[in-house]
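Bear in mind these aren't lab numbers, they're just calculated from the coordinates by the rules spelled out. For clarity, every value in this text was computed on a predicted model and none was experimentally measured. For neighbour counting, all protein chains shown are included, and Cβ atoms are generated from backbone atoms with ideal geometry for every residue, glycine included.
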Amino acid sequence: MSDLELPKGITIHRDKLRIAFRPPNEKNQWKRSLGIPPTKANIKAAEQMLNAIRRDISLGQFDLSQYFPNDPSLKKDERMLGPIIREHFIKAKKGRVKGSTHNSYSIRAEWVIENYGHIDAANVSPKEAMELREGIISKSPSPEIATFRLWLIRFAVTRAVRALVLEEDRFGPMLDSVESKSKALTLEGLRKGIEANEVFTIDEAERIVKACSSENRKRLVTFLFWSGLRPGEAAALRREDICLPYIIVKRTLTQYGDEQSPKSGRARKIYLPSSARLALEQELRSHDSERAWVTSLGKPYTSSRLFTTKHWKRILDKAGLAYLAPYTTRHSFASWMLKAGEPESTVAAHLGHTDTAMIRRVYGKFIPDAKPVWTLDDPKKVEIVKNSMISKS
């Protein structure tokens, strides 16, 4: 045995061959026993395996489970962002999209894995999630590419929650789309919270609705303002989810057309104020589609992008208002609820947040000192909100 020549990275431990290698983002080497005796043939096989591992590491494609499927550390490793993206995005998309599209997806996913695959998705802190978002935005050449990278993480994490690999999605709104002209979901914006000039007042919302060119659009914008749903949740809403005055938010539609669970990973039942109910009822009577909301051509939306930037800007220009992203309809609704005195827990549950921490951090400036239990369904209280918020005009 002493006459055997061992290549670098291969040792003998307890009469068995052991290899050593350093995965990406690891300070120390990993040592793994191969469980085979140190014969010349086995040493050659060990060297081939080690070279393959080193090649995968250099290409950013290393997956421990491919070489050591029964490794005890895999229970923890499967909750790391890298394995989650490989298993629940790259592997999940194979066969569901064209080969060329899958190759493009894989290249972009590997970039995320190389830079952020070491993050423990099961225990990521709010600060780490914000830093991930800020890092992806700063390193991406455009908001569109940053949005895609954030989306693929959300897709993978959502599927991991469904597969019970993760208990919950701990990234929250840190994986939302990037709006180049809105700071509401940047690291700085979330730390400072949303300002009064970063939401629409009720008067401004009414002007926006009037500026829409069709009745279909007017109903949709009204619903978005008065339901607080994310655009993707509105696009994915089905007739079977509706039992007015309540709806069940079971799913969302991504900007790439994938239907998946809401960001929280679970469905929620919400109450619709009268303005949202009326708009929804009128829309349902206007078509026979299974989806609640359809385009002006009567076809279901194929993504969460209900408005192009150009179209939305044209509506705001007609209303005489400065540009704020379409997602601002949701922020506006949240600010109205808080201004009307709704409890923070009620607002959090309606928006789909697991607790009130996000509400306080993002919408804290709209929380009044006194908290009478009012409702936006009460016309008198709506007038109070109207009069307390000055239009930007």
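Full extension of the chain segment joining residue 195 with residue 308 gains 38.2 nm, where the gain is 0.36 nm per residue of separation less the Cα-Cα distance. Please find, in a Gaussian network model of the chain (springs between Cα atoms separated by less than 10 Å), the residue of 231, 83, 37 whose mean-square fluctuation is greatest. Of 231, 83, 37, the Gaussian network model singles out 37 as fluctuating most. For region 78-178, the relative contact order works out to 38 percent when only alpha carbon pairs closer than 8 Å and six or more residues apart are counted. Label-to-label distance, residue 145 versus residue 206, with points set 7 angstrom from Cα along the beta-carbon direction: 4.6 nm. For semi-axes √(5λ) of the Cα gyration tensor in Å, the value calculated from this model appears in [x] 42, 22, 21; [y] 50, 21, 18; [z] 34, 27, 21 under label [y]. Label positions at residue 281 and residue 5, each projected 7 Å from the Cα along the C-beta direction, are separated by 8.7 nm. For residue 238, the residues whose modelled amide H falls within less than 5 Å of its own, excluding neighbours fewer than 5 places apart on the same chain, are 292. For region 196-388, the relative contact order works out to 26 percent when only alpha carbon pairs closer than 8 Å and six or more residues apart are counted.
Its residues counted as N, region 10-71 yields a C-alpha radius of gyration over 2.2 N^0.38 Å of 1.10. Which residues does a label at residue 91 reach in region 21-65, if reach means a backbone N under 17 Å from a point 7 Å past the Cα toward the Cβ? Under 17 Å, as judged by backbone N against the label point of residue 91, lie 61-65 of region 21-65.
Length gained on full extension, residue 346 to residue 318, computed as 0.36 nm times the residue gap minus the Cα-Cα distance: 6.7 nm. Distances between placed amide hydrogens fall under 5 Å for residue 247 paired with 270, 272, all partners being 5 or more residues away or on another chain.
Calculated FRET efficiency, residue 40 to residue 240, Cβ-Cβ distance, R0 = 45 Å: about 0.10 to the nearest 0.05. Between the beta carbons of residue 16 and residue 125, assuming R0 = 45 Å, the FRET efficiency works out to 0.70 to the nearest 0.05.
For region 194-227 versus region 239-253, the spacing of their alpha-carbon centroids is 21 Å.
Put simply, when 44-53, 245-254, 96-105 are sorted by average Cβ atoms within 10 angstrom per residue, most first, you get 245-254, 44-53, 96-105. With the simple model of a label 7 Å out from the Cα in the direction of the Cβ, residue 268 to residue 54 spans 5.2 nm.
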